[in-house]
1. Considering only Leu84, Leu195, Ile229, whose Cα is most displaced toward the positive end of the charge dipole of the chain, charges sitting on Cβ of Lys, Arg (+1) and Asp, Glu (-1)?
2. List nothing, just return the count: lysine pairs in the chain, 8 or more apart or interchain, with Cα separation under 19 Å.
3. Give the peptides 160-170, 192-202 in descending order of average Cβ contacts within 10 Å, highest first.
4. Around Ser241, with a cut-off of 12 angstrom between Cβ atoms, what is the net charge of the other residues, counting Lys and Arg +1 and Asp and Glu -1?
5. Using alpha carbon centroids, what distance separates region 82-126 and region 30-61, in Å?
6. Kirkwood-based Rg over Rh for the chain (C-alpha set), two decimals?
7. Starting with the highest mean, order 64-76, 206-218 by the number of other Cβ atoms within 10 Å, averaged over the residues of each peptide.
Amino acid sequence: MRKKIIAANWKMNMTVSEAESFVDDFQREVADITGVEIVIAPPFTSLPKLSELVGDSQNIRLGAQNFHPEPSGAFTGEISASMLRELFVRYVIIGHSERRQIFGESDAFINQKVLAAQANELKPILCIGETLAEREAGREKEILAGQLHGALANVPVEEFPDMVIAYEPVWAIGTGKTATAAQAQEAHAHTREVLAELSNPETANKIRIQYGGSVKPDNAKELLSQPDIDGALVGGASLESRSFTRIVSACCEDNG
Ligand code: PGA
């Protein structure tokens, strides 16, 4: 059984005081929800405050939206893995389509980040996904396989189960267009097949694959009930605590 994992990607939103007030509400709202792992990835500036508030809490983990693979040095504006570890950060989002498209991150650089995260006990949330043009050309499976092969080169099989993969079709991010549950399931099943090629079927079955792209309280349940959808990576709908709580609750019939 793969434990569901719901992550908030706040992107460049929320000041420290806004983050603090979100977490005050959110901790109360999810206090009784069990059996789901929750990750909040705020901007770097809010990590110290949230680390104080959430600490090493069992049900809410901290994530970072980015880091640099080098351990230290002349990389103006960047943050290292050890800086994140000191703040109890457990997860790091790698390869988000905004980083690929706006900041020009290549599969080779993403691969360096995956390896560096693993060497520093940070669990990667590795994002993959095709653009609309690629889907319309019928190339989505090839694109996903290429991104996985590129990002996971030289990753030892024993590191695979601790990774999280986020399938995020670029055309569904922030657009209000969600992949249908069937489209998402098909992409997730394909992703798991590629992961099995890169490791083995038993290992691939342990890896959690999140769906991301306009996940909302109203569509979360259907997406999360698909056999290969093990969680969600949520942007816009994670900025308001009640809406994020409803998505977390959608994981378990009994909650919510
Ligand atoms: P969205 O973003 O939920 O606002 O579509 C998801 C993401 O980019 O991770």
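1. Ile229
2. 16
3. Per-residue Cβ counts within 10 Å, averaged per peptide and sorted highest first, yield 160-170, 192-202.
4. Overall, the nearby charge balance is -3.
5. 18
6. Ratio of gyration radius to Kirkwood radius for the chain: 0.93.
7. Highest mean packing first, the order is 206-218, 64-76.
Where a number appears in this text, it was derived from the coordinates with a stated rule and is not lab data. The structure displayed is predicted, hence computed values, not measured ones. Virtual Cβ from ideal backbone geometry, glycine too; neighbours counted across all protein chains shown.
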